[in-house]
Amino acid sequence: MLQYKAPIMDIKFLIEDVFKYYSHYEKYPEFAEATPDLVDAILQECAKFCENELLPLNQSGDKEGCKFDNGVVTTPKGFKEAYDKYVEGGWQSLSHPLEHGGQGLPPSLGMAKQEMMGTANWSWAMYPGLSHGAMNTIQTHGTEEQKELFLTRLTEGTWTGTMCLTEPQCGTDLGQVKTKATLNEDGTYDIVGTKIFISAGEHDLTENIIHIVLARLPGAPEGTRGISLFIVPKIQVDQQGNLGASNNVTCGAIEDKMGIKASSTAVLNFDNAKGVLIGPENKGLECMFTFMNAARVGTALQGVCASELSYQNALLYAKERLSMRSLTGKKYPDKVADPIIVHPDVRKMLMTQKAITEGGRAMIYYTAQIVDQIEMAKTEDERKAADDRLGFITPILKAFLTELGSESANHGMQVFGGHGFIKEWGMEQIVRDVRISTLYEGTTGIQALDLLGRKVLLTRGKSLNAFSKEILGFCKDKSMISSNPHKRQMNKFVWALSKNVANWQQYTMRLALKAKKDRDIVGSASVDYLMYSGYIVMGYFWAQMAQTAYEKLAGDVENRDFYRAKIKTAEFYFERLLPRTKSLAKTMMADPKTLMQLDQDLLSFL
Ligand SMILES: Cc1cc2nc3c(=O)[nH]c(=O)nc-3n(C[C@H](O)[C@H](O)[C@H](O)COP(=O)(O)OP(=O)(O)OC[C@H]3O[C@@H](n4cnc5c(N)ncnc54)[C@H](O)[C@@H]3O)c2cc1C
């Protein structure tokens with residue numbers, strides 16, 4: 001049976017000490033309510049809800065899965081009751097604006113809530129999670145009328161939302177979308193088409209579901225320039241939000257999948273369903289991109305959640321499972337054998353999981369502050385500056401953290417030996433559940449092309465330079481080379497980091513030059529480049545955490561072991577994980593020829 005205790009001490013270390021959330025909140029009068037007392041109370045209550053209500057449904061939800069019967073989808077036992085408690089507790093509205101029934105707390109605080117819920121039960125958390133995407137779209141692009149009608153119910157949680165992009169012929173290449181929208185005399189549109197793989201597309205948790213749908217108007221330009229965005233409710237609603245007749249949105253099937261079995265993944269048929277346009281005609285994809293980065297940070301979180309859950313359980317097991325003796329002599333002579341945690345290889349797996357989890361969490365909580373800045377920006381310049389930073393870091397977070405989340409889940413399973421492969425323990429479920437995170441919301445390959453192609457090469461390295469400057473600024477901080485012995489200990493991190501950042505810039509320049517001669521270099525280098533960038537970015541946050549831990553230990557602080565553990569984990573990261581950049585550098589600079597020279601007809605001789 002899977003165990004989970006919310007890592008509140010670690011979350012508070014990040015929000016209070018490393019990223020100083022409270023001084024960040026003070027800059028915005030709208031966040032005046034987000035005081036340490038209130039935030040503490042929210043974290044504690046959220047932890048209780050996740051540990052007591054959501055975790056017990058994690059494995060049973062996987063076993064039972066969602067059921068489909070003649071268009072009706074039933075979620076696993078207990079899901080609806082947990083959802084009702086979630087709504088009663090006001091959790092959905094926590095970090096949404098006051099005007100439409102939200103509590104007005106910062107999005108960054110919402111991220112801590114999402115982390116705990118997603119770790120306790122990712123499949124369950126996807127139902128309210130998808131609503132956030134729909135809400136952000138309506139908040140940013142909806143008319144006042146649309147906000148009043150749809151946003152209020154979504155914020156309460158009495159309705160949920162979806163994002164309907166994918167069709168049978170296209171997921172990545174949305175320029176191929178075929179769903180049609182035709183204008184009616186009353187200003188509504190008739191939507192006709194089929195969407196597949198729609199998370200939370202049909203379920204029994206709420207009375208209505210609000211679909212955000214990509215479709216084409218008659219005569220719209222081909223490709224991505226001819227796609228518009230529509231709000232299409234499952235059940236028709238009048239101006240007061242009263243439910244009417246069915247809106248001809250039917251669920252044709254749900255997918256039988258590898259993981260996240262308790263999250264319904266629906267085929268939706270829109271058969272002259274009534275919808276309203278949101279945002280300008282033919283600008284649907286642009287509208288979606290305005291919040292896509294935030295949604296992708298939410299998916300990056302799945303990697304951290306899986307890693308945390310797997311690590312907590314692997315650690316408990318490694319302390320109890322007895323096998324052979326430590327190479328340096330018996331550690332528990334009174335027992336028939338030593339627990340496996342004494343073996344360096346098991347330690348390596350556990351330390352890797354710990355470094356990925358805590359490093360990944362730091363990357364997410366840093367980025368969550370940028371999301372706050374975008375939401376609170378008073379001028380377009382301010383918004384754009386924050387959006388550029390988010391745009392650069394998002395593909396790194398999304399792909400790197402989900403790939404590492406998968407790696408970590410596999411380590412956790414390995415720690416259990418053969419028992420990891422047996423369902424009862426839940427470790428193989430974590431491996432299955434996290435696997436989707438590298439695929440949806442843009443595959444790793446697509447995130448990598450976005451990073452190297454659009455965010456780095458197309459901007460001539462502008463966003464990379466800005467981020468490198470921030471890291472180098474941290475490295476050059478005079479306090480690092482002060483005579484204070486605690487601060488001097490930072491040097492080992494700072495040297496490695498500065499060297500890696502200098503290489504990052506150089507390799508990028510070399511790739512840019514190569515790309516002028518051979519465009520295939522972008523596609524052949526991109527995934528390695530993204531992972532390379534990810535290790536450096538994570539290194540930056542490990543160095544920051546180590547620095548904060550040294551500062552804490554220099555004072556009179558409680559829980560000294562917590563800070564010592566941070567420093568030791570940072571040392572592990574710099575010694576064992578950051579060096580992966582070396583092999584990635586080699587492969588990303590390799591000639592694309594070895595990938596492409598073998599004629600596709602010669603790839604197999606069957
Ligand atoms: C469980 C689940 C839930 C989902 N939830 C939703 C949802 O709520 N809403 C929604 O709209 N969609 C959803 N999706 C769809 C998901 O976002 C897509 O499956 C994903 O974007 C990939 O699209 P595809 O499956 O069509 O793969 P394809 O686009 O066919 O890609 C196949 C492979 O080719 C690669 N590839 C494609 N184009 C390129 C290129 N130009 N360069 C390099 N490589 C390329 C890809 O990286 C991938 O490896 C979900 C999918 C699943 C399985």
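For the range 121-135, which residues satisfy the criterion of being farther than 14 Å from LEU154 by Cα and either out of contact with any helix residue (DSSP H, G or I) (no Cβ under 8 Å at 6 or more places or on another chain) or not in a helix (DSSP H, G or I) (or both)? So that I can check it myself, show each step before the final result.
At the first step, the residues of the range 121-135 found to be farther than 14 Å from LEU154 by Cα are 121-126.
Scanning the range 121-135 gives ASN121, MET126.
Please specify each residue of the range 441-476 satisfying the condition of being within 15 Å of the ligand (Cβ to nearest atom) and touching a Phe, Trp or Tyr at 6+ places or on another chain (Cβ under 6 Å).
LEU452
Scan the range 1-17 residue by residue and report those that are under 21 Å from the mean Cα position of the chain (by Cα) and of a type outside the set (A, V, I, L, M).
Residues satisfying the conditions are TYR4, LYS5, PRO7, ASP10, LYS12, PHE13.
Quick one: which residue in GLN373, GLN353, GLN369 is more than 30 Å from ASP256 (Cα to Cα), touching a Ser or Thr at 6+ places or on another chain (Cβ under 9 Å) and away from the ligand (no atom under 16 Å from the Cβ)? Don't jump to the end; show me each part of the working.
On the way: GLN373 fails: touching a Ser or Thr at 6+ places or on another chain (Cβ under 9 Å); GLN353 fails: more than 30 Å from ASP256 (Cα to Cα).
Only one candidate qualifies: GLN369.
Is it fair to say ALA409 is crowded, with 22+ Cβ neighbours inside 10 Å, away from the ligand (no atom under 16 Å from the Cβ), over 15 Å from the mean Cα position of the chain (by Cα) and under 22 Å from VAL297 (Cα atoms)? Full working, then the answer.
Numbers: crowded, with 22+ Cβ neighbours inside 10 Å: yes; away from the ligand (no atom under 16 Å from the Cβ): yes; over 15 Å from the mean Cα position of the chain (by Cα): yes; under 22 Å from VAL297 (Cα atoms): yes.
Against the criterion (crowded, with 22+ Cβ neighbours inside 10 Å, away from the ligand (no atom under 16 Å from the Cβ), over 15 Å from the mean Cα position of the chain (by Cα) and under 22 Å from VAL297 (Cα atoms)), ALA409 qualifies.
The rows are residues; the columns are (1) within 16 Å of the ligand (Cβ to nearest atom); (2) in a strand (DSSP E or B); (3) acidic (Asp, Glu).
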| residue | (1), (2), (3) |
| --- | --- |
| THR172 | yes, no, no |
| GLY175 | yes, no, no |
| GLU185 | no, no, yes |
| ASP190 | no, yes, yes |
| PHE197 | yes, yes, no |
| HIS203 | yes, no, no |
| ILE209 | yes, yes, no |
| VAL213 | yes, yes, no |
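Would you mind telling me which numbered condition in (1) over 21 Å from LEU439 (Cα atoms); (2) touching a residue at least 60 places away in the same chain (Cβ under 8 Å) LEU327 fails?
(2)
When the residues of the range 412-440 are filtered to those that are among the basic types (Lys, Arg) and within 13 Å of the ligand (Cβ to nearest atom), which remaining residue is farthest from SER526 (Cα to Cα)? Break it down into steps so the answer makes sense when it comes.
The initial filter retains those residues of the range 412-440 that are among the basic types (Lys, Arg), namely 423, 432, 435.
Next, only the ones that are within 13 Å of the ligand (Cβ to nearest atom) stay: 432, 435.
Working: ARG432: 26, ARG435: 20 Å.
Across the range 412-440, the extreme among qualifying residues is ARG432.
Select from the range 226-255 the residues that are in contact (Cβ under 8 Å) with a residue 60 or more places away in the chain, assigned to a loop (DSSP other than H, G, I, E, B) and either within 16 Å of the ligand (Cβ to nearest atom) or not polar (S, T, N, Q) (or both) and list them in ascending order.
If the condition is that a residue be in contact (Cβ under 8 Å) with a residue 60 or more places away in the chain, assigned to a loop (DSSP other than H, G, I, E, B) and either within 16 Å of the ligand (Cβ to nearest atom) or not polar (S, T, N, Q) (or both), then GLY241 is the only one that fits.
Could you please let me know if LEU530 is under 21 Å from LEU390 (Cα atoms) and in contact (Cβ under 8 Å) with a residue 60 or more places away in the chain?
When the stated conditions are applied, LEU530 passes them.
Is there a residue being of a type in the set (D, E, K, R) and surrounded by 18 or more Cβ atoms within 10 Å (Cβ to Cβ) anywhere in the range 48-67?
First, pick out the residues of the range 48-67 that are of a type in the set (D, E, K, R): 48, 51, 53, 62-64, 67.
Filter once more, keeping what is surrounded by 18 or more Cβ atoms within 10 Å (Cβ to Cβ): 53, 62.
Among the residues of the range 48-67, at least one is of a type in the set (D, E, K, R) and surrounded by 18 or more Cβ atoms within 10 Å (Cβ to Cβ), which makes the answer yes.
Looking at LYS492 and the list (1) basic (Lys, Arg); (2) farther than 19 Å from LEU472 by Cβ; (3) more than 16 Å from the ligand (Cβ to nearest atom), which single condition is not satisfied?
(2) is the only condition that LYS492 fails.
For GLY412, indicate whether it is farther than 20 Å from LEU577 by Cβ and of a type in the set (Gly, Ala, Ser). Show your work before the answer.
Details: farther than 20 Å from LEU577 by Cβ: no; of a type in the set (Gly, Ala, Ser): yes.
No.
So, in the range 153-170, of the ones that are out of contact with any strand residue (DSSP E or B) (no Cβ under 8 Å at 6 or more places or on another chain) and under 21 Å from GLU222 (Cβ atoms), which residue ends up farthest from the ligand (Cβ to nearest atom)?
It comes out as GLN169.
Kindly provide the set of residues from the range 311-358 that are among the small types (Gly, Ala, Ser) and in contact with a Leu (Cβ under 9 Å, 6 or more places away or on another chain), ordered by number. Break it down stepwise before answering.
Filtering the range 311-358 down to residues among the small types (Gly, Ala, Ser) leaves 314, 318, 323, 326, 329, 337, 355.
The answer is ALA314, ALA318, ALA337, ALA355.
Which count do you get for residues in the range 288-297 that are surrounded by 21 or more Cβ atoms within 10 Å (Cβ to Cβ) and either farther than 14 Å from GLN447 by Cβ or more than 21 Å from the chain's Cα centre (by Cα) (or both)?
3
What's the number of the condition GLU148 fails, among (1) within 17 Å of GLN92 (Cα to Cα); (2) within 11 Å of the ligand (Cβ to nearest atom); (3) surrounded by fewer than 24 Cβ atoms within 10 Å (Cβ to Cβ)?
(2)
When you scan the range 256-267, how many residues do you find that are among the hydrophobic types (A, V, I, L, M, F, W, C) and either assigned to a strand (DSSP E or B) or surrounded by fewer than 17 Cβ atoms within 10 Å (Cβ to Cβ) (or both)?
Here is the first cut: in the range 256-267, the ones among the hydrophobic types (A, V, I, L, M, F, W, C) are 258, 260, 262, 266-267.
If we keep only those that are either assigned to a strand (DSSP E or B) or surrounded by fewer than 17 Cβ atoms within 10 Å (Cβ to Cβ) (or both) as well, we get 258, 266-267.
Within the range 256-267, residues that are among the hydrophobic types (A, V, I, L, M, F, W, C) and either assigned to a strand (DSSP E or B) or surrounded by fewer than 17 Cβ atoms within 10 Å (Cβ to Cβ) (or both) number 3.
What number of residues within the range 579-603 are within 15 Å of VAL527 (Cβ to Cβ) and in a loop (DSSP other than H, G, I, E, B)?
Counting residues in the range 579-603 that are within 15 Å of VAL527 (Cβ to Cβ) and in a loop (DSSP other than H, G, I, E, B) gives 3.
Does MET135 meet the test of being aliphatic (A, V, I, L, M), in contact with a strand residue (DSSP E or B) (Cβ under 7 Å, 6 or more places away or on another chain) and crowded, with 24+ Cβ neighbours inside 10 Å? Give the derivation first.
Details: aliphatic (A, V, I, L, M): yes; in contact with a strand residue (DSSP E or B) (Cβ under 7 Å, 6 or more places away or on another chain): yes; crowded, with 24+ Cβ neighbours inside 10 Å: yes.
Against the criterion (aliphatic (A, V, I, L, M), in contact with a strand residue (DSSP E or B) (Cβ under 7 Å, 6 or more places away or on another chain) and crowded, with 24+ Cβ neighbours inside 10 Å), MET135 qualifies.
Quick check on my filter: what residues within the range 450-459 are assigned to a helix (DSSP H, G or I) and not charged (D, E, K, R)? Working first, answer last.
Here is the first cut: in the range 450-459, the residues assigned to a helix (DSSP H, G or I) are 450-457.
Matches in the range 450-459: LEU451, LEU452, GLY453, VAL456, LEU457.
Can you pull out the residues in the range 510-525 that are crowded, with 16+ Cβ neighbours inside 10 Å and either within 16 Å of the ligand (Cβ to nearest atom) or part of a loop (DSSP other than H, G, I, E, B) (or both)? Spell out how you get there, then give the answer.
Taking the range 510-525 and keeping what is crowded, with 16+ Cβ neighbours inside 10 Å, we get 511-512, 514-515, 521-525.
Correct list: ALA515, ILE521, VAL522, GLY523, SER524, ALA525.
What pairs can you find where one residue is in the range 257-283 and within 16 Å of the ligand (Cβ to nearest atom), the other is in a strand (DSSP E or B) and of a type in the set (D, E, K, R), and their Cβ atoms are less than 7 Å apart, with a gap of 6+ or different chains?
Filtered contacts from the range 257-283: LEU268/LYS195.
Coordinate-derived values only; no laboratory data. This one's a predicted model, so the numbers in the text were calculated from it and none came from an experiment. Cβ sites come from the backbone with ideal geometry, for glycine too, and all protein chains shown count toward neighbours.
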